[in-house]
Each structure stands twice: as structure tokens, then as C-alpha cells.
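The values are calculated or read from the model by the stated rules, or taken from the named source; none is laboratory data. These figures come from a predicted structure and were not determined experimentally. FYI the Cβ positions are ideal-geometry reconstructions off the backbone, even for glycines, and counts take in every protein chain you see. With ligands, DNA and RNA removed, areas are computed over all heavy atoms of the protein, side chains included. Shrake-Rupley method; radii C 1.70, N 1.55, O 1.52, S 1.80 Å.
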Amino acid sequence: QLEMLRTHCRATNNTITASSMADALSLSSGGVATSQYSKFAQRIADALHYTPSQRPDGKIRWWCALAYGTDGSDEARNGNCEWVMRPELVAALQSMKWA
């Protein structure tokens with residue numbers, strides 16, 4: 001999970017797609033990257049008592065606890081939506097020298 005954060009933080013402009021993250025971490029697909037990133041984000045959100053936005057179908061967009069989508073939508077669309085790491089998280093990871 002730390003490698004996912006490092007990979008995302010070190011990406012150009014702290015921006016990455018799920019497919020690119022999967023490639024960088026040797027995961028089988030963008031879907032797997034999205035799933036793992038979302039599960040990790042949910043753990044962080046739960047610890048912070050934070051609930052990210054919901055999709056129209058009511059499912060919570062857990063990955064939004066760590067990032068936002070560049071096109072204004074919060075959908076991961078087949079691993080091609082660009083995730084931009086939240087600036088507060090970038091600053092925290094850099095200050096701790098984790099990224």
C-alpha cells in the first residue's frame with residue numbers, strides 16, 4: 001500500500017491512471033489497482049471518520065479520500081481516469097520523506 005502511495009506521489013504532477021499504477025506495480029490490471037487503492041483509501045477514510053462522495057448508484061468512491069479525478073468526474077472509467085493525489089497528502093508524504 002505504501003508503494004501505491006509512493007508511485008502515485010512520484011508520478012508527474014502527482015497524477016496517475018489506475019492502468020499506469022497497475023503497470024508500475026506489476027498488477028494484473030487497472031481494475032485490480034482501483035480495487036486495492038480503494039480498499040486502502042477506505043481504511044484511511046474510516047480512521048479519519050471521513051466519507052467521500054457517492055456514485056449515482058449509492059456506492060462510495062473510496063479512492064476519492066486520496067485523490068480526485070482530473071475531468072471533474074469521480075469515476076474510474078476502465079482505469080483511464082487520471083487520479084490527482086490530494087495536495088495535503090502529497091505534502092504529508094514528502095514531509096515524512098515517504099515519497
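When the stretch 32-61 is examined, which residues are found to be hydroxyl-bearing (Ser, Thr, Tyr) and open to solvent by 80 Å² or more (accessible area, probe 1.4 Å)?
Within the stretch 32-61, Tyr50, Thr51 qualify.
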With the first residue restricted to the stretch 64-81 and required to be at pLDDT 85 or above, and the second required to be of a type in the set (Lys, Arg), Cβ contacts under 8 Å at 6 or more apart or on different chains are Leu66/Arg86; Ala67/Arg86; Tyr68/Arg86
Of (1) modelled with pLDDT of 90 or more; (2) on the phi > 0 side of the Ramachandran plot, Arg10 fails just (2)
Filter pass, Ala92 being without any contact (Cβ under 8 Å) to a residue 60 or more places away in the chain, in a helix (DSSP H, G or I) and open to solvent by less than 30 Å² (accessible area, probe 1.4 Å): no
Residue pairs qualifying under the 7 Å Cβ cut-off, at least six apart or on distinct chains, with the first in the stretch 32-46 being part of a helix (DSSP H, G or I) and the second being surrounded by fewer than 16 Cβ atoms within 10 Å (Cβ to Cβ) and modelled with pLDDT under 95, are Phe40/Gln1; Ala45/Thr51
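Can you tell me how many residues in the stretch 16-31 are in contact (Cβ under 8 Å) with a residue 12 or more places away in the chain, outside any helix (DSSP H, G or I) and surrounded by fewer than 16 Cβ atoms within 10 Å (Cβ to Cβ)? Working first, answer last.
In the first step, residues of the stretch 16-31 are kept if they are in contact (Cβ under 8 Å) with a residue 12 or more places away in the chain; the result is 16-19, 21-22, 24-25, 29-31.
Adding the requirement that they be outside any helix (DSSP H, G or I) leaves 16-17, 25, 29.
Checking which are surrounded by fewer than 16 Cβ atoms within 10 Å (Cβ to Cβ) leaves us with 25, 29.
Final tally of qualifying residues: 2.
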